[in-house]
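Each remark here refers to the structure printed beneath this line.
The values are calculated or read from the model by the stated rules, or taken from the named source; none is laboratory data. Note that the structure is predicted; figures quoted are calculated from it, not measured. Cβ: placed from backbone, ideal geometry, glycine included. Neighbour counts: every protein chain shown. Each accessible area value is taken on the protein alone, full model and side chains, heavy atoms only, with ligands, DNA and RNA left out. Shrake-Rupley method; radii C 1.70, N 1.55, O 1.52, S 1.80 Å.
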Amino acid sequence: GLDRLLSVLELPRFRKIQHLDLNRVFMAIKKKGGKNKPVQPPDDQSKFLEVLEIASKLPLTWLNLSYNDLPSVFVSSPQFLSRLILKIPHVDLFATCRGASSDFIGHFLNSYTEASALHTVDLGGCDLDTLPTNLVTKLNCLTNVALEGAFMTMEQAKAFLVDMAKGSKIKKFDIGCELIVDKDTYSDVFENLDPELVATALNNLEHLIYNKLKDAKGDCCDFPPDLHLERFLQVMGRKTKLKKVEMEENNFFHVAPEVVAKAFNNLEHLEMKPNPFNTSAQIVATLELMAQKTCLKYVMFEYEDLSWLNPGLVARAVVQVEQVDMKCGLSRAHVNAILREIGASSKIRRLNLGNNDVSKVPAHVRES
């Protein structure tokens, strides 16, 4: 319980602790009617505040407060909670105001300045739709933002993306697979906005995590074309600040192979994995362009095997990338082709062939 946690945190050995996970130690459950009811006895709130006071004196770089009943803490100590959040570089607040007041989020966002230590925040699962729009746009002042499953209004989302498109400080934006929910339609709020705005804004980041079809059932060809995804990839292929995307769970099926190829080759980091929503034509087009001209510096292949791909094409593509991990089964022809292709004009500096057997590759090829 909280008594035990207090006694542990007060021990001298923990005075230099930098990472502290306090998720689910002071939870609230949602009753019918939308109000929250504390799980713990009322006197536990004062104990939880004591825990937070101790945490405020530690040299923390990461604090996880997810699933805690922070709205009730904010009512009793608004200034203290904001100061605590703003003095720590990375704070996780997942589902801390689901069906409850988000005033504490608005308070620390309003108090945020460039001098604040906070640069990474997780507000996933939070009801942000009651916040003033100007405070939602202030998230663009942070470096890393996670909003998986958060609720927004369409007006908030549009203002947030307009600011992002103009020039956001966000480098990593994590929407995960639960999406940002439109509070009126209960659908993906970005899908309700202009595709051009969404595409321009998201291409102004460096790292994007955005999966719309996690655990989707059915054949990929039965899903309708994703116009927002297509426009996003078109913009990415033309000009982007993105270096890495984690978007495997999206319906690429209807997007032209050349559009996918240009987009992926404009990144710096690409992980190619089995994906029922990708076509073989898209993969071949990506490798063909990679062999000719690419911005990629790292590529990982994580297929069961690449026997269906031309060995010469695979070889010409991978040697144009600085770092390559082949986490897949390769035929002797593929291994031979890759090793033969490495030469003075190739860009590759590190090649990991995984568990593939190179013992049967001719010695003159291995040594060259």
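Nothing charged except the Cβ atoms of Lys and Arg (+1) and of Asp and Glu (-1): what's the magnitude of the dipole of the stretch 250-316 about its Cα centre? Round to the nearest 20 debye. Working shown, then result.
On the way: 5 positive and 7 negative charges, 49 e Å.
Dipole about the Cα centre, nearest 20: 240 debye.
Could you tell me which residue out of 201, 345, 329 lies farthest along the dipole of the chain toward its positive end? Charges go on the beta carbon: Lys and Arg +1, Asp and Glu -1, centred on the Cα centre.
Among 201, 345, 329, the one farthest towards the positive end of the dipole of the chain is 345.
Using θ = phi - 60° and the Karplus relation 6.51 cos²θ - 1.76 cosθ + 1.60, list the HN-Hα couplings for the stretch 69-78 in order, rounded to whole Hz, with x at every Gly or Pro.
Result, ordered by residue: 7, 6, x, 6, 5, 4, 4, 8, 9, x Hz.
What percent do you get for the relative contact order of the stretch 47-185 when only Cα pairs under 8 Å and 6+ apart count? Intermediate results must be reported in sequence, preceding the final value.
Details: 240 pairs, mean separation 26.9, N = 139.
Computed value for the stretch 47-185: 19 percent relative contact order.
Provide the per residue accessible area, probe 1.4 Å, for the chain, rounded to a whole number of square angstrom. All intermediate terms of the calculation are to be shown ahead of the outcome.
Numbers: 17680 Å² over 368 residues.
Heavy-atom accessible area per residue stands at 48 Å².
About the Cα centre of the chain, what is the dipole size in debye to 20, counting +1 per Lys and Arg Cβ and -1 per Asp and Glu Cβ, all else neutral? Before the final figure, lay out the partial values.
Numbers: 44 positive and 46 negative charges, 226 e Å.
Roughly 1080 debye, rounded to the nearest 20.
If you keep only loop residues by DSSP, which trypsin sites (Lys or Arg not before Pro) in the stretch 279-316 have at most 12 other Cβ atoms within 10 Å of their Cβ? Intermediate results must be reported in sequence, preceding the final value.
Details: sites: 293, 297, 316; in loops: 293, 297.
Passing both the DSSP loop test and the Cβ count: 293.
Using the alpha-carbon atoms, what tilt in degrees (0 to 90, nearest 10) does helix 44-56 show relative to the longest principal axis of the chain?
Here the helix axis deviates by roughly 60 degrees.
Using amide H atoms built 1.01 Å from N in the peptide plane, name the residues 5+ places from residue 320, or on other chains, whose amide H lies under 5 Å from its own.
347
Any idea how far the Cα center of the stretch 190-211 sits from the one of the stretch 80-140, in Å?
So the two Cα centres are separated by 22 Å.
List the residues whose amide H sits under 5 Å from the amide H of residue 68, counting only those 5 or more places along or on another chain, with H placed 1.01 Å from N in the peptide plane.
Excluding prolines and chain starts, which carry no amide H, the hits are 24.
Which of rounded, prolate or oblate describes the stretch 269-311 when judged by the alpha-carbon gyration tensor and an a/c cut-off of 1.5?
prolate
Would you look at the GNM of the chain, springs on alpha carbons closer than 10 Å, and say which of 314, 181, 75 moves the most?
Ranking 314, 181, 75 by mean-square fluctuation puts 75 first.
Once you list every other residue whose beta carbon is under 12 Å from the beta carbon of residue 96, what net charge do they have if Lys and Arg are +1 and Asp and Glu are -1?
Details: positive: 24, 98; negative: 69, 92, 103, 122, 127.
Here the count lands on -3.
So what are the ³J(HN,Hα) numbers for the stretch 238-246, from phi and the Karplus equation (6.51, -1.76, 1.60; θ = phi - 60°), rounded to whole Hz, Gly and Pro as x?
Calculated HN-Hα couplings, in order: 8, 6, 8, 9, 5, 10, 8, 10, 10 Hz.
Would you kindly derive the ³J(HN,Hα) couplings of the stretch 156-173 from the backbone phi angles with the Karplus curve 6.51 cos²θ - 1.76 cosθ + 1.60 (θ = phi - 60°), listing them in order in whole Hz, with x for Gly and Pro?
4, 4, 5, 4, 4, 6, 4, 5, 4, 5, 6, x, 9, 8, 5, 9, 10, 10
Using DSSP to define loop residues, name the trypsin sites (Lys or Arg not before Pro) in the stretch 49-130 whose beta-carbon has at most 11 other beta-carbon atoms within 10 Å. Could the numbers behind the result be given before it?
Details: sites: 57, 83, 87, 98; in loops: 57, 87, 98.
Those that pass, being in a loop and sparsely packed, are 57.
How high is the relative contact order of the stretch 141-210, in percent, with contacts defined as C-alpha pairs under 8 Å that are six or more residues apart? Could you put the intermediate results ahead of the total?
Numbers: 116 pairs, mean separation 29.5, N = 70.
Normalised by residue count, the contact order of the stretch 141-210 is 42 percent.
At most 14 other Cβ atoms within 10 Å and a DSSP loop assignment: could you name the chymotrypsin sites (Phe, Trp or Tyr not before Pro) in the stretch 273-320 that fit?
Details: sites: 277, 298, 301, 303, 308; in loops: 277, 303, 308.
The qualifying sites are 308.
Considering only C-alpha atoms, what is the centroid distance from the stretch 291-324 to the stretch 225-273, in Å?
17
Which of these values of Rg and Dmax of the Cα atoms in Å was calculated from the structure shown: [x] 24.4, 76; [y] 21.0, 67; [z] 21.5, 74?
[x]
Give the shape of the stretch 209-368 as rounded, prolate or oblate, defined through the alpha-carbon gyration tensor: a ≥ b ≥ c are the square roots of its eigenvalues, a/c under 1.5 means rounded, and otherwise the shape is prolate if a/b is larger than b/c and oblate if not. If you can, show how the numbers build up before the last one.
On the way: a/c = 2.41, a/b = 1.70, b/c = 1.41.
Prolate is the answer for the stretch 209-368, as a/c is 1.5 or above and a/b outweighs b/c.
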